[in-house]
Amino acid sequence: DILRSVFKQNAECQCEYYAGLYDKVGTTSQEHLQAQMDEQMTQYSEWNGVKFDGDDEACDIQLSCDLADGGVVRDGDDDSVNGKVCIVGLLWSLFMAYTIY
């Protein structure tokens with residue numbers, strides 16, 4: 001599914017960046033970095049559960065990043081995302097990001 005692929009690619013970039021810092025800082029900072037990454041990963045799940053008329057499945061994207069494991073992005077069930085539903089979430093997220101920044 002295209003949306004899952006785009007989200008996962010973006011998550012991998014973020015995760016790789018933070019993983020590069022993770023090994024260079026102390027334990028307290030590592031915990032803070034992991035908490036920040038966990039928070040960032042939630043952006044990909046904001047539209048989970050949304051189901052529009054005529055769609056069989058709701059969006060369900062579950063991405064996570066384990067900085068201690070070298071920045072590996074884990075994904076939930078690859079068959080659980082409905083691209084038609086989730087594309088609305090992507091467009092809304094882009095719109096909100098543009099208006100906020």
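Modelled this way, with points 7 Å down the Cα-to-C-beta line, the labels at Gln9 and Asp23 are 2.7 nm from one another.
Surface exposure of segment 22-75, expressed per residue as accessible area with a 1.4 Å probe, stands at 62 Å².
Rounded to whole numbers, the Karplus 3J(HN,Hα) couplings from phi for segment 10-16 are 5, 4, 5, 5, 4, 5, 4 Hz, using 6.51 cos²θ - 1.76 cosθ + 1.60 with θ = phi - 60°, and x at Gly and Pro. Excluding Leu33 itself, what net charge comes from residues whose Cβ is under 12 Å from its Cβ, given Lys and Arg +1 and Asp and Glu -1? In short, -4.
With all protein chains in place and a 1.4 Å probe, the accessible surface of segment 1-44 carries 50 percent carbon and sulfur.
The values are calculated or read from the model by the stated rules, or taken from the named source; none is laboratory data. Predicted model only: the values in this text are computed from it and were never measured. So basically every Cβ, Gly included, is an ideal-geometry build from the backbone, and we count neighbours across all protein chains shown. Remember, those area values only see protein heavy atoms, side chains included, never the ligands or the DNA or RNA. Shrake-Rupley method; radii C 1.70, N 1.55, O 1.52, S 1.80 Å.
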